[in-house]
1. So the check is Cβ under 9 Å with 6+ separation or different chains; which pairs have a first residue in the stretch 144-155 that's without any contact (Cβ under 8 Å) to a residue 40 or more places away in the chain and a second one that's surrounded by fewer than 24 Cβ atoms within 10 Å (Cβ to Cβ) and among the charged types (D, E, K, R)?
2. Determine the pairs where a residue that is in contact (Cβ under 8 Å) with a residue 12 or more places away in the chain, located within the stretch 96-110, has a partner that is among the acidic types (Asp, Glu) and more than 16 Å from the ligand (Cβ to nearest atom) with Cβ atoms under 8 Å apart, the partner being 6 or more residues away or on another chain.
3. Before we move on, is SER242 buried (at least 17 other Cβ atoms within 10 Å of the Cβ) and in contact (Cβ under 8 Å) with a residue 60 or more places away in the chain?
4. Enumerate the strands (runs of 3 or more DSSP E) found wholly within the stretch 151-238, keeping only those where 2 or more residues are modelled with pLDDT of 95 or more and of a type in the set (Gly, Ala, Ser).
5. Out of GLY184, GLY199, report the one residue that is touching a Pro at 6+ places or on another chain (Cβ under 6 Å), over 15 Å from LEU14 (Cα atoms) and touching a residue at least 40 places away in the same chain (Cβ under 8 Å).
6. Can you go through VAL202, VAL186, VAL210 and tell me which one is surrounded by fewer than 24 Cβ atoms within 10 Å (Cβ to Cβ) and among the hydrophobic types (A, V, I, L, M, F, W, C)?
7. So, in the stretch 74-102, exactly how many residues are over 21 Å from GLU18 (Cβ atoms) and crowded, with 16+ Cβ neighbours inside 10 Å?
8. Six or more apart or on different chains, Cβ under 7 Å: which pairs go from a residue in the stretch 162-178 that's over 30 Å from VAL42 (Cβ atoms) to one that's away from the ligand (no atom under 14 Å from the Cβ) and among the acidic types (Asp, Glu)? Could you list them?
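The values are calculated or read from the model by the stated rules, or taken from the named source; none is laboratory data. Since this is a predicted model, take the numbers as computed values, not measurements. Note: ideal-geometry Cβ built from the backbone for every residue, glycine included; neighbour counts use all protein chains shown.
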Amino acid sequence: MIKTDVVEAIASDLLNAEKSGTATNKFVDKYPELDETLAYQVQDKLVEMKETEEKTKRVGWKLGLTSKAKQHMMGVHEPSYGVLLESMQLNESEPVSIAPFIHAKAEPEIAFVLNKELKGPHISVADVLHATEYVAPAIEIIDSRFHGFQFTLADAISDNSSSSRFIIGERFFNPKNVNLKLMGFVYRQNGEVAATGAGAAVMGHPARAVAWLANKLYPVNKTLKPGEVILSGSLSAALEISPGDQFAASFDGIGAVNAIFT
Ligand code: OOG
């Protein structure tokens, strides 16, 4: 099969898996040529298909596998990125039905909203902070389209890095007024503490994940744009969601964000 056909075939299978709510098999076995570069082309195609199908548009990016906890959980050693669409954004106050998901999980994250363009290849943590309009607590709902969340890095990248939905807290903070590296967080499921830690769990500093993304996009001629939202990656292991679950991610100095599921 020629490359464009492989890209098209994988992207359609992933879109169908999402639409029908049924998991699919990993693609690396069927298409051994699926490496990281090809996987980002699949992701691009998939996002394009979703933009048309859902009449939506790109609003930002998500980082995946930026913490040791997540890399360990998934057996990979480097981060990945995915695209956020407007149709994925949910309101904090509205309960979320898990009916459309395959096997969704919830992750505590710090969201960045930019006010300047960030163009690699040499973006630093300081550059990111300088280009950030505000940060806010966030919960990302991930949902792998693969059976049992079993995948290689290339599979996960093709699957838009397991992105599904996201909720951003309603209070915004200037990143210069908070210490994102030392910022403590408590992640609760139904009132019970499930994880605790500090911002440094994401690549030593959540802004480093954003810098990594800007630099990673450079060779493919993409930049981070003013107004875009960037989810900097889960600070802890992802937690499985059941109907009736409530998740709360509270951060020192920037408040909390909640997600309620039915
Ligand atoms: C890949 C995406 C993980 C994160 O923040 O680490 C992710 C996965 O584990 O399914 O979104």
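1. Partner pairs satisfying both residue conditions: none exist.
2. Listed pairs, sorted by first residue: ALA106/ASP245.
3. Considered against the rule, which asks whether it is buried (at least 17 other Cβ atoms within 10 Å of the Cβ) and in contact (Cβ under 8 Å) with a residue 60 or more places away in the chain, SER242 comes out as no.
4. 163-168, 192-198
5. Unique residue meeting the criteria: GLY199.
6. VAL186
7. 3
8. Hits for this filter: GLY169/GLU92; GLU170/GLU92.
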